[in-house]
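The values are calculated or read from the model by the stated rules, or taken from the named source; none is laboratory data. The shown structure was predicted, so the numbers you read here are calculated from the model rather than taken from an experiment. Positions of Cβ are backbone-derived with ideal geometry, glycine not excepted, and every protein chain shown enters the neighbour counts.
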Amino acid sequence: MILGLLLILFAVLISTPLLVVGTECLVALFFDTKALPCPDTPEKAIAYKILIPAHNEASIVGKTLAKLIAELPDSNSGPNPENIILIADNCADTTAEIARSLGVTVLERNDATHRGKGFALDFGIQYLRVNSHPDVLVIIDADCETSKNSLIALINLVSVLGKPAQMTNIMRVIDNASIKQKIAGFAWFLKNKIRPLAMYRMGLPVALTGTGMALPWQLLESVKVGHGNIVEDMQLGIDCAINGYPPVFCPDAVVYSDFPEQSSAELTQRTRWEHGHLQTIFHQIPILIKESYRQKDWRLFAMALDIGVPPLSLLVMISLSGFMALSLLLLITETATAFQLLLLSFFYFAAMLTSVWWRYGQAYLSAKELSGIPQYVISKLSIYFAFIFKRQKEWIRTDRDV
């Protein structure tokens, strides 16, 4: 009897993230983005600043800034490159000089002890505290592109709602990309478009993804940005929600990123993301659940469920391992409830993922290329073994050089 209950509890634990992702896919499939409630346009131009943290980005920063300057919305004094503040963080190249030549505000920071994007952003925020601070602060990575309409939509949403907002963060996949990159691109689309769309549709807070996000200035009085979390964006979103500023999704605004060209750089980037995500699950999900109970705010619990979903490759591995364990125990206990629960949850998860791929994902993956998913999942084993035996705890720059 006790063993049977423990097995059911085990199945529920594995099934919960499967059901969360499946339900988010289901909501997104039946949700028309045109039906989104649009806030009123503010009567006056909104004072904004764009922060760009950069560490040794000389190879791409000129291109990024030139495109961004061309897309700047008008502020109180018209479009102005000085609305862009680039933090040249521990740079040993010409990042700062290139940025200055394009007319943007450049801050140089040198601190070998406190390394990482969070510390760089905090440096820029402290500068704005002393100088004229904006109404809305936008954060964009040095390797990303967006449009004027996207920036306007994002800034207006934050100004009207007084809450942080996140653009749709899309990873572009080139035509001759490897199967691994195509699968990763679809997984990125699922994580940063489909699932946030469902959360927003249900009136729930979304995770911040680090680029293409904007914050109301008053929020920065209660939320700490300068810390060494290697997924500082996810931590920031959690802190915002706990402090009464649940982030919202801005699906009409899009920011584009590109995969690193070097496979070693891509592995470094993915290891940082996934190790940071797993660390956040272990450290922050209990805090979110506790705060949900303390504040009597079920939205924090829903956010915990969403962020508590591990990377999909790992979720599939855990589910299959759970099947194997429950199958063997079924021979001993003759109790099928736990096995059936996990089986139904996995089929629901798989059916919803397939439906999302059928409707949205064929631009990333053809039906034939879906056969590469098992190999992709297996290729991620090294990342998860490294989390156990050689966990990445410090921020490491992704090398984008060819």
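When you go through (1) in contact with an Asp or Glu (Cβ under 9 Å, 6 or more places away or on another chain); (2) modelled with pLDDT of 90 or more; (3) β-branched (Val, Ile, Thr) one by one for Ile140, which number turns out not to apply?
The one condition Ile140 does not meet is (1).
Just need a number here: residues in the stretch 292-329 that are more than 22 Å from the chain's Cα centre (by Cα) and crowded, with 19+ Cβ neighbours inside 10 Å.
Result for the stretch 292-329: 3.
Take the residues in the stretch 109-131 that are in contact (Cβ under 8 Å) with a residue 40 or more places away in the chain and within 22 Å of Ser159 (Cβ to Cβ), then tell me which one is nearest to the chain's Cα centre (by Cα).
Leu121
With respect to Ala165, determine if the residue is closer than 28 Å to Ala363 by Cα, aliphatic (A, V, I, L, M), in contact with a Pro (Cβ under 7 Å, 6 or more places away or on another chain) and crowded, with 20+ Cβ neighbours inside 10 Å.
yes
Take the conditions surrounded by fewer than 17 Cβ atoms within 10 Å (Cβ to Cβ), of a type in the set (S, T, N, Q) and assigned by TED's automatic domain parsing to the domain that holds Val254 and apply them to Ser132. Does it pass?
Yes; evaluated as a whole, the condition is true for this residue.
Which one of the conditions (1) modelled with pLDDT under 85; (2) in contact with a strand residue (DSSP E or B) (Cβ under 8 Å, 6 or more places away or on another chain); (3) not β-branched (Val, Ile, Thr) does Leu121 fail to meet, given that it meets all the rest?
(1)
Which condition number in (1) at pLDDT 90 or above; (2) buried (at least 18 other Cβ atoms within 10 Å of the Cβ) is the one that Ser75 fails?
Single failed check for Ser75: (1).
Looking at this structure, is Val160 in a helix (DSSP H, G or I), closer than 25 Å to Ala198 by Cα and out of contact with any Cys (no Cβ under 7 Å at 6 or more places or on another chain)? It would help to see each step written out before you state the result.
Details: in a helix (DSSP H, G or I): yes; closer than 25 Å to Ala198 by Cα: yes; out of contact with any Cys (no Cβ under 7 Å at 6 or more places or on another chain): yes.
Yes, satisfied.
Would you check which residues across the stretch 135-146 are in a loop (DSSP other than H, G, I, E, B) and under 22 Å from Val61 (Cβ atoms) and list them?
Across the stretch 135-146, the qualifying residues are Ile140, Asp141, Ala142, Asp143, Cys144, Thr146.
State whether one or more residues within the stretch 363-371 are surrounded by 13 or more Cβ atoms within 10 Å (Cβ to Cβ) and either at pLDDT 90 or above or charged (D, E, K, R) (or both).
yes
Test of understanding: among Leu197, Leu204, which residue is assigned to a loop (DSSP other than H, G, I, E, B), in the same structural domain as Gly237 (by TED's automatic domain parsing) and crowded, with 19+ Cβ neighbours inside 10 Å?
Numbers: Leu197 fails: assigned to a loop (DSSP other than H, G, I, E, B).
Result: Leu204 is the single residue among Leu197, Leu204 that is assigned to a loop (DSSP other than H, G, I, E, B), in the same structural domain as Gly237 (by TED's automatic domain parsing) and crowded, with 19+ Cβ neighbours inside 10 Å.
Considering each of Asp233, Asp252, Asp175, Asp239 in turn, give the residue that is of a type outside the set (Gly, Ala, Ser), crowded, with 17+ Cβ neighbours inside 10 Å and outside any helix (DSSP H, G or I).
Asp252
For the stretch 330-348, how many residues meet the condition of being within 37 Å of the chain's Cα centre (by Cα), under 15 Å from Ile2 (Cβ atoms) and surrounded by fewer than 17 Cβ atoms within 10 Å (Cβ to Cβ)?
Within the stretch 330-348, residues that are within 37 Å of the chain's Cα centre (by Cα), under 15 Å from Ile2 (Cβ atoms) and surrounded by fewer than 17 Cβ atoms within 10 Å (Cβ to Cβ) number 1.
How many residues does the stretch 349-362 hold that are closer than 20 Å to Thr16 by Cβ and either surrounded by fewer than 18 Cβ atoms within 10 Å (Cβ to Cβ) or not assigned by TED's automatic domain parsing to the domain that holds Val27 (or both)?
2
Hey, among the residues in the stretch 210-247 that are among the β-branched types (Val, Ile, Thr) and under 16 Å from Ile52 (Cβ atoms), which one's modelled with the highest pLDDT?
Residue satisfying both the conditions and the ranking: Thr211.
What pairs can you find where one residue is in the stretch 180-192 and of a type in the set (D, E, K, R), the other is surrounded by fewer than 21 Cβ atoms within 10 Å (Cβ to Cβ), and their Cβ atoms are less than 7 Å apart, with a gap of 6+ or different chains?
Close Cβ pairs (under 7 Å, with a partner that is surrounded by fewer than 21 Cβ atoms within 10 Å (Cβ to Cβ)) amount to Lys180/Tyr376; Lys180/Ser379; Lys182/Leu365; Lys182/Glu369.
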